[in-house]
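**Student:** Dropping the structure in here first, questions after.
The values are calculated or read from the model by the stated rules, or taken from the named source; none is laboratory data. Note that this is a predicted model, so its numbers are computed, not measured. Heads up, the Cβs are rebuilt from the backbone with ideal geometry, glycines too, and the neighbour counts pull from every protein chain shown. Note: accessible area is taken over every heavy atom of the protein model, side chains too, but ligands, DNA and RNA are not part of it. Shrake-Rupley method; radii C 1.70, N 1.55, O 1.52, S 1.80 Å.
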Amino acid sequence: MDSYQTLAERVLAGDPATASDARTILSSSDEDLLDLVAAASRLRREHFGNRVKVNYLVNLKSGLCPEDCGYCSQRLGSEADILKYSWLPKDEAKRQAEFGLAGGASRVCLVASGRGPSNRDVERVSGMVEEIKTSSPDVEVCACLGFLKDGQAQRLKDAGVDAYNHNLNTAESLYPDICTTHTFADRVDTVDKARGAGLSPCSGLIVGMGETDEQIIEAIESLKAVDSDSIPVNFLIPFDGTPLEGTWTLTPQHCLRILCAVRFLCPDRELRIAGGREMHLRTLQPLSLHVANSLFLGDYLTSEGQAAEEDLDMIVDGGFEIVGAESAERLRDELKAHRAAHQAAFAEVAPGDMKSDGTSAEAAKTASTLPCGKPLPTAGQEADDSGVMIPTIRRRGAGTELTPNV
């Protein structure tokens, strides 16, 4: 390869990048990283300009999944100290979605743990979607409910669902080492069902699980084969209490190289920096937006993300605009003003209502319980003695009485 810019010109001229090109990208040096990002950015801007698509997750049902995916905090046998709750009521699902929309999201992702939905579950989610779309007709809704049975994708489509997320997660050659309760082919089948019903297929991968560069390329080529419109790249969040706890194989530089490989092999597809980006990309997150054109705002399913203001700062400071928003800078400033007003309001609670630590009695009660009245599990550690970062378990938003991080 003469240069990454030459490769970009070749791809822009209609000559697709190859697995060999991806190998060169993944094995490139740190000294070449900025040149690589600049070349990948040409492809990103050709297809998406300077826009960033903001997505927002609502965890409709958390924990107690019967599948044994080794990376997942909600897996069968997981000892991770996550929030566990059954289906959110319809009005609460709508309320949680509206938090994300107010923060600039143009797509809401409705997610539920489990192997797959029953027909009753599909009707439940369909009702939520219809409710959300009635009040916010322009919002895109992506459902992520697990394996689909015949006819379920069409029912979701009829209810107004726009996309269906079902990640392939990793290479087929590695899949038996990651999960034993279903197969790679099962995942492909659900993506096919979603696409066949007219839903936009959203399917991505998780990196940092011990895969080789060859397996990363294998996974990307599988995503091309299922014609995924939107590709979320997750970076392993090594939850305590799961088989992959303490796994720490990625560097920020290699995370960027992986994103560049996806961009070159899938130049016109939405590329999203997803779970674990804060832990693994770290200070290179802003640079990654010159390759990726999409992100999740705020928190994830069972772990906390960085503050929503930091996400919006990253977008504004990078010179990007937000899909569906008139001004990213104005949206960011409005969010900061709202947060400041909210904090000031709590500071004005009458002294008689204050606890000794300065919080209101009501706020303390809210912060310590789930909707069912049970206490919240204790917070996780930020890091352990080995220097491996430990994810912060989500304690706010869906399934709690606290407002989400958005």
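**Student:** When the chain is treated as a GNM, springs tying every alpha-carbon pair under 10 Å, which of Pro16, Pro201, Pro117 comes out with the largest mean-square fluctuation?
**Tutor:** Pro16
**Student:** Also, quick follow-up: For Glu9, what accessible area in Å² do you get when you roll a 1.4 Å probe over the heavy atoms of the protein chains, rounding to the nearest 10?
**Tutor:** Roll a 1.4 Å probe over it and Glu9 shows about 100 Å².
**Student:** Return the equivalent ellipsoid semi-axes of segment 133-223 as a descending list in whole Å, where each equals the square root of 5 times an eigenvalue of the C-alpha gyration tensor.
**Tutor:** Computed over segment 133-223, the values are 28, 14, 10 Å.
**Student:** Restricting to lysines 8 or more places apart or on different chains, can you count the pairs in the chain with Cα atoms under 20 Å from each other?
**Tutor:** So the count works out to 21.
**Student:** Using only the Cα atoms of segment 7-130, what semi-axes does the equivalent ellipsoid have when each is the square root of 5 times a gyration tensor eigenvalue? Give whole Å, largest first.
**Tutor:** 39, 21, 14
**Student:** Right, here's the next one. Leaving ligands, DNA and RNA out of it, rank Arg195, Arg396, Arg120, Arg51 by accessible area with a 1.4 Å probe, largest first.
**Tutor:** Highest to lowest solvent-accessible surface, that is Arg120, Arg51, Arg195, Arg396.
**Student:** What net charge is computed for the residues neighbouring Arg42, neighbours being all others with C-beta under 14 Å from the C-beta of Arg42, Lys and Arg scored +1, Asp and Glu -1?
**Tutor:** With Lys, Arg at +1 and Asp, Glu at -1, the neighbours total 0.
**Student:** Could you do me a favour and compute the accessible area per residue for segment 19-139, 1.4 Å probe, result in Å²?
**Tutor:** 42 Å²
**Student:** Oh, and also: Order of 240-248, 121-129 by packing, highest average Cβ count within 10 Å first?
**Tutor:** Packing order, densest peptide first, comes out as 121-129, 240-248.
**Student:** With all protein chains present, calculate the accessible area of His338 using a 1.4 Å probe and round the result to the nearest 10 Å².
**Tutor:** Roll a 1.4 Å probe over it and His338 shows about 130 Å².
**Student:** Which shape class, rounded, prolate or oblate, goes with segment 50-186 when its Cα gyration tensor gives a ≥ b ≥ c as root eigenvalues, a/c under 1.5 marks rounded, and past that a/b bigger than b/c marks prolate?
**Tutor:** Prolate is the answer for segment 50-186, as a/c is 1.5 or above and a/b outweighs b/c.
**Student:** Let me ask something else about it. Using a 1.4 angstrom probe with every protein chain in place, what is the largest-first accessible-area order of Ile220, Ile237?
**Tutor:** The ranking, largest first, comes out as Ile237, Ile220.
**Student:** Project the alpha carbons of segment 277-340 onto their principal axes and report the range along each, largest first, in whole Å.
**Tutor:** Its Cα atoms span 29, 26, 19 Å along the three principal axes.
**Student:** Carbon and sulfur together cover what percent of the accessible area of segment 147-206 at a 1.4 Å probe radius?
**Tutor:** 48 percent
**Student:** Quick one: what Rg and Dmax do you get for the chain from the alpha carbons, in Å?
**Tutor:** Using the Cα atoms of the chain, the pair Rg, Dmax is 20.9, 72 Å.
**Student:** Please compute the Kirkwood hydrodynamic radius of segment 243-325 from all pairs of different C-alpha atoms, in Å with one decimal.
**Tutor:** Hydrodynamic radius (Kirkwood, Cα pairs) of segment 243-325 is 13.6 Å.
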